[in-house]
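The values are calculated or read from the model by the stated rules, or taken from the named source; none is laboratory data. This one's a predicted model, so the numbers in the text were calculated from it and none came from an experiment. So basically every Cβ, Gly included, is an ideal-geometry build from the backbone, and we count neighbours across all protein chains shown. For accessibility, only protein heavy atoms count, side chains too; no ligands or nucleic acids. Shrake-Rupley method; radii C 1.70, N 1.55, O 1.52, S 1.80 Å.
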Amino acid sequence: MRTLDSLADRPARIALIGECMIELSHVTPDRLALGYAGDAFNVAAYLARGAAPGTDVQFVSLIGDDPYSARMRETWTAHGVGSDHTRAVRGGQAGLYLIRTDDDGERTFHYYRSHSAARGLFGHDHPDEIDDAIASHDLVYLSGITLSILPPAARERLLAVLDET
(Lines give C-alpha, C1' and ligand atoms only; values in the text may rest on other atoms or scores of the structure.)
Protein backbone atom coordinates (compact mmCIF):
# COMPACT_ATOMS: atom_id res chain seq x y z
CA MET A 1 0.00 0.00 0.00
CA ARG A 2 1.19 3.49 -0.78
CA THR A 3 1.49 6.10 1.92
CA LEU A 4 -0.58 9.26 1.81
CA ASP A 5 2.59 11.22 0.96
CA SER A 6 3.11 9.11 -2.16
CA LEU A 7 -0.40 9.74 -3.52
CA ALA A 8 0.87 12.85 -5.29
CA ASP A 9 3.01 10.86 -7.77
CA ARG A 10 0.01 9.54 -9.75
CA PRO A 11 -3.77 9.64 -9.56
CA ALA A 12 -5.17 7.58 -6.71
CA ARG A 13 -7.24 4.44 -7.05
CA ILE A 14 -10.07 4.57 -4.50
CA ALA A 15 -12.54 1.78 -3.72
CA LEU A 16 -15.74 2.46 -1.79
CA ILE A 17 -17.59 -0.55 -0.45
CA GLY A 18 -21.27 -0.49 0.41
CA GLU A 19 -24.86 -0.46 -0.64
CA CYS A 20 -26.46 2.01 -2.99
CA MET A 21 -30.22 2.06 -2.65
CA ILE A 22 -33.23 3.15 -4.63
CA GLU A 23 -34.49 6.38 -3.07
CA LEU A 24 -38.11 7.46 -3.40
CA SER A 25 -38.92 10.85 -1.95
CA HIS A 26 -42.27 12.57 -1.82
CA VAL A 27 -42.62 15.62 -4.01
CA THR A 28 -46.34 15.75 -3.18
CA PRO A 29 -48.37 13.46 -0.91
CA ASP A 30 -49.15 11.26 -3.94
CA ARG A 31 -46.05 11.67 -6.16
CA LEU A 32 -42.57 10.30 -5.64
CA ALA A 33 -39.22 11.21 -7.19
CA LEU A 34 -36.76 8.42 -8.00
CA GLY A 35 -33.10 8.68 -7.09
CA TYR A 36 -30.18 6.54 -5.95
CA ALA A 37 -28.21 7.12 -2.77
CA GLY A 38 -26.62 5.62 0.31
CA ASP A 39 -23.81 6.61 2.62
CA ALA A 40 -20.93 4.94 0.75
CA PHE A 41 -22.25 5.89 -2.70
CA ASN A 42 -22.79 9.50 -1.65
CA VAL A 43 -19.13 9.66 -0.56
CA ALA A 44 -18.07 8.07 -3.87
CA ALA A 45 -20.01 10.67 -5.86
CA TYR A 46 -18.52 13.57 -3.88
CA LEU A 47 -15.03 12.11 -4.18
CA ALA A 48 -15.35 11.66 -7.94
CA ARG A 49 -16.62 15.22 -8.30
CA GLY A 50 -13.75 16.77 -6.36
CA ALA A 51 -10.91 14.37 -7.17
CA ALA A 52 -7.82 15.22 -9.14
CA PRO A 53 -8.01 14.37 -12.85
CA GLY A 54 -7.36 10.70 -13.48
CA THR A 55 -8.42 9.55 -10.03
CA ASP A 56 -10.18 6.20 -10.31
CA VAL A 57 -13.19 6.01 -7.96
CA GLN A 58 -14.79 2.55 -7.92
CA PHE A 59 -17.93 1.47 -6.08
CA VAL A 60 -17.87 -2.12 -4.81
CA SER A 61 -21.28 -3.68 -4.29
CA LEU A 62 -23.82 -6.25 -5.36
CA ILE A 63 -26.93 -5.09 -7.19
CA GLY A 64 -29.88 -6.78 -8.84
CA ASP A 65 -30.35 -7.62 -12.49
CA ASP A 66 -33.53 -5.56 -12.80
CA PRO A 67 -34.04 -2.26 -14.68
CA TYR A 68 -33.73 -0.19 -11.48
CA SER A 69 -30.32 -1.69 -10.70
CA ALA A 70 -29.20 -1.09 -14.30
CA ARG A 71 -30.30 2.56 -14.04
CA MET A 72 -28.51 2.79 -10.69
CA ARG A 73 -25.27 1.75 -12.35
CA GLU A 74 -25.83 4.34 -15.10
CA THR A 75 -26.26 6.95 -12.38
CA TRP A 76 -22.90 5.99 -10.89
CA THR A 77 -21.26 6.45 -14.29
CA ALA A 78 -22.92 9.85 -14.69
CA HIS A 79 -21.33 10.85 -11.36
CA GLY A 80 -17.89 9.62 -12.45
CA VAL A 81 -18.02 6.54 -10.24
CA GLY A 82 -16.89 3.24 -11.74
CA SER A 83 -18.50 -0.13 -11.18
CA ASP A 84 -15.70 -2.47 -12.25
CA HIS A 85 -15.96 -4.35 -8.95
CA THR A 86 -19.75 -4.46 -8.73
CA ARG A 87 -21.64 -7.56 -9.77
CA ALA A 88 -25.30 -8.02 -10.67
CA VAL A 89 -26.98 -10.89 -8.84
CA ARG A 90 -29.44 -12.89 -10.93
CA GLY A 91 -32.86 -12.34 -9.41
CA GLY A 92 -31.38 -9.90 -6.89
CA GLN A 93 -32.67 -6.47 -6.09
CA ALA A 94 -31.41 -3.23 -4.67
CA GLY A 95 -32.50 -1.99 -1.29
CA LEU A 96 -35.17 0.69 -1.21
CA TYR A 97 -35.99 3.55 1.07
CA LEU A 98 -38.65 6.22 1.08
CA ILE A 99 -38.44 9.71 2.51
CA ARG A 100 -41.38 11.62 3.97
CA THR A 101 -40.97 15.24 5.00
CA ASP A 102 -43.37 16.69 7.57
CA ASP A 103 -44.70 20.24 7.67
CA ASP A 104 -41.69 21.36 9.76
CA GLY A 105 -39.22 19.98 7.20
CA GLU A 106 -38.25 17.00 9.34
CA ARG A 107 -37.50 13.93 7.24
CA THR A 108 -38.48 10.37 8.14
CA PHE A 109 -36.91 7.38 6.38
CA HIS A 110 -38.60 4.05 5.74
CA TYR A 111 -36.24 1.23 4.71
CA TYR A 112 -36.98 -1.92 2.71
CA ARG A 113 -33.59 -3.57 2.45
CA SER A 114 -33.71 -6.92 4.21
CA HIS A 115 -33.40 -8.73 0.85
CA SER A 116 -30.92 -6.35 -0.75
CA ALA A 117 -28.34 -7.99 -3.00
CA ALA A 118 -25.61 -5.98 -1.23
CA ARG A 119 -26.11 -8.10 1.89
CA GLY A 120 -24.33 -10.87 -0.03
CA LEU A 121 -21.08 -8.94 -0.32
CA PHE A 122 -18.08 -11.05 0.76
CA GLY A 123 -20.31 -14.09 1.13
CA HIS A 124 -19.47 -17.66 0.11
CA ASP A 125 -19.74 -17.01 -3.64
CA HIS A 126 -18.00 -13.61 -3.61
CA PRO A 127 -15.21 -13.81 -6.23
CA ASP A 128 -11.62 -13.81 -4.99
CA GLU A 129 -10.64 -11.44 -7.79
CA ILE A 130 -12.79 -8.73 -6.19
CA ASP A 131 -10.86 -9.18 -2.94
CA ASP A 132 -7.59 -8.86 -4.88
CA ALA A 133 -8.86 -5.77 -6.72
CA ILE A 134 -9.85 -4.07 -3.46
CA ALA A 135 -6.47 -4.86 -1.92
CA SER A 136 -4.75 -3.20 -4.90
CA HIS A 137 -6.44 0.18 -4.34
CA ASP A 138 -4.64 3.05 -2.67
CA LEU A 139 -7.54 4.00 -0.43
CA VAL A 140 -10.58 2.00 0.68
CA TYR A 141 -13.68 3.51 2.26
CA LEU A 142 -16.60 1.81 3.94
CA SER A 143 -19.05 2.81 6.62
CA GLY A 144 -20.40 1.30 9.78
CA ILE A 145 -23.63 0.67 7.89
CA THR A 146 -21.69 -1.41 5.35
CA LEU A 147 -20.33 -3.53 8.20
CA SER A 148 -23.76 -3.84 9.79
CA ILE A 149 -25.49 -5.31 6.72
CA LEU A 150 -22.96 -8.13 6.41
CA PRO A 151 -23.28 -11.45 8.23
CA PRO A 152 -20.38 -12.23 10.62
CA ALA A 153 -18.42 -14.50 8.21
CA ALA A 154 -18.66 -11.95 5.39
CA ARG A 155 -17.60 -9.16 7.74
CA GLU A 156 -14.56 -11.21 8.77
CA ARG A 157 -13.65 -11.79 5.12
CA LEU A 158 -13.93 -8.07 4.38
CA LEU A 159 -11.75 -7.20 7.35
CA ALA A 160 -9.15 -9.74 6.14
CA VAL A 161 -9.17 -8.07 2.71
CA LEU A 162 -8.66 -4.70 4.37
CA ASP A 163 -5.68 -6.11 6.29
CA GLU A 164 -4.05 -6.76 2.89
CA THR A 165 -4.34 -3.16 1.69
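Farthest towards the positive end of the charge dipole of segment 11-154, among the residues 38, 24, 63, is the Cα of 24, using unit charges on the Cβ of Lys, Arg, Asp and Glu.
How charged is the neighbourhood of residue 117? Take every other residue with its Cβ under 14 Å from the Cβ of residue 117, and add Lys/Arg as +1 and Asp/Glu as -1. List each step's numbers first, then the result.
Numbers: positive: 73, 87, 90, 113, 119; negative: 19, 65, 66, 125.
With Lys, Arg at +1 and Asp, Glu at -1, the neighbours total +1.
The antiparallel fraction among DSSP beta bridges confined to segment 11-154 stands at about 45%.
Only one of (i) 9, 35, 34, 18, 3, 0; (ii) 10, 37, 34, 15, 4, 0; (iii) 12, 45, 36, 7, 0 was calculated from the structure for P(r) over Cα pairs in 10 Å bins from 0, in percent, and its label is (ii). For residue 119, the accessible surface of its heavy atoms amounts to roughly 80 Å² (probe 1.4 Å, protein chains only, rounded to the nearest 10). Could you tell me how many degrees, from 0 to 90 and to the nearest 10, lie between the Cα long axis of helix 39-50 and the main elongation axis, the longest principal axis, of the Cα atoms of the chain? Approximately 70 degrees, to the nearest 10.
Each label was represented as a point 7 Å from its Cα along the Cα-to-Cβ direction; for residue 136 and residue 78 these points are 3.0 nm apart. For residue 141, the accessible area of its heavy atoms, probed at 1.4 Å with every protein chain present, is near 80 square angstrom.
Looking at the chain, the accessible area is 56 square angstrom per residue; that uses a 1.4 Å probe and ignores ligands, DNA and RNA. The listed residues 85, 115, 79 rank as 115, 79, 85 when sorted by accessible area, largest first, using a 1.4 Å probe. Measuring nothing but protein heavy atoms, the accessible surface of the chain at 1.4 Å probe radius is 52 percent carbon and sulfur.
In terms of solvent-accessible area of protein heavy atoms at a 1.4 angstrom probe, what is the ranking of 102, 131, highest value first? All intermediate terms of the calculation are to be shown ahead of the outcome.
Values: 102 75, 131 15 Å².
The ordering from most to least exposed comes out as 102, 131.
Here the dipole of segment 19-165 is about 380 debye; that uses its Cα centre as origin and unit charges on the Cβ of Lys and Arg (positive) and Asp and Glu (negative).
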